[in-house]
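Comments concern the structure below.
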Amino acid sequence: QVQLAEAGGGLVQPWGTLRLSCAASGLIFSSYPMVWYRQAPGNQRDMVATISGGGRTNYADSVEGRFTNSKDNAKNTVYLQLNSLKPEDTAVYYCYTKIFSTIYWGQGTKVTVAS
């Protein structure tokens with residue numbers, strides 16, 4: 001059974017930093033891409049960053065240059081480093097993976113950027 005568990009959210013001031021993590025179990029971690037999404041209140045869930053099984057990364061334009069996606073295959077964990085945070089980054093952040101036709105989501109971790 002595949003499970004994803006995010007952690008690391010919290011309240012941070014503008015221009016602050018946070019490091020989110022997503023621990024995965026029940027899958028061959030290095031074989032599948034992992035994706036970070038976020039959902040602000042009243043908005044749809046949007047893709048933030050992806051990392052392939054081989055470690056190649058891709059980012060939404062809104063976070064390019066501020067967020068960094070990385071992974072530790074030995075720990076079955078993917079990380080999202082959030083730098084230079086803005087109030088508009090406030091959202092619940094989710095990790096996601098898809099194995100064949102089955103989609104898996106974590107429970108989300110809330111990030112609030114406010115002074």
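Structure data summary
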| item | result |
| --- | --- |
| So GLN13, is it open to solvent by 70 Å² or more (accessible area, probe 1.4 Å) and free of Cβ contacts under 8 Å to residues at least 40 places away in the same chain | no |
| Residue list for the range 44-67, restricted to those being within 15 Å of TYR94 (Cα to Cα) and open to solvent by 50 Å² or more (accessible area, probe 1.4 Å) | GLN44, ARG45, ASP46, MET47 |
| Some residue of the range 32-43 being open to solvent by less than 40 Å² (accessible area, probe 1.4 Å) and free of Cβ contacts under 8 Å to residues at least 24 places away in the same chain | no |
| Residue satisfying all of: in the range 16-31; open to solvent by less than 70 Å² (accessible area, probe 1.4 Å) and closer than 24 Å to PRO87 by Cα; farthest from the chain's Cα centre (by Cα) among these | GLY16 |
| Complete set of residues in the range 34-63 that are part of a strand (DSSP E or B) and of a type in the set (A, V, I, L, M) | MET34, VAL35, MET47, VAL48, ALA49, ILE51 |
| Unique residue being within 21 Å of ALA7 (Cβ to Cβ), assigned to a strand (DSSP E or B) and open to solvent by less than 30 Å² (accessible area, probe 1.4 Å) when the list is TYR93, TYR104 | TYR93 |
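The values are calculated or read from the model by the stated rules, or taken from the named source; none is laboratory data. What you see is a predicted model; the values in this text were computed from it and never measured. Glycine also receives a Cβ, built like all others from the backbone with ideal geometry; neighbour counts cover every protein chain displayed. Side chains included, ligands, DNA and RNA excluded: accessible areas come from the protein's heavy atoms. Shrake-Rupley method; radii C 1.70, N 1.55, O 1.52, S 1.80 Å.
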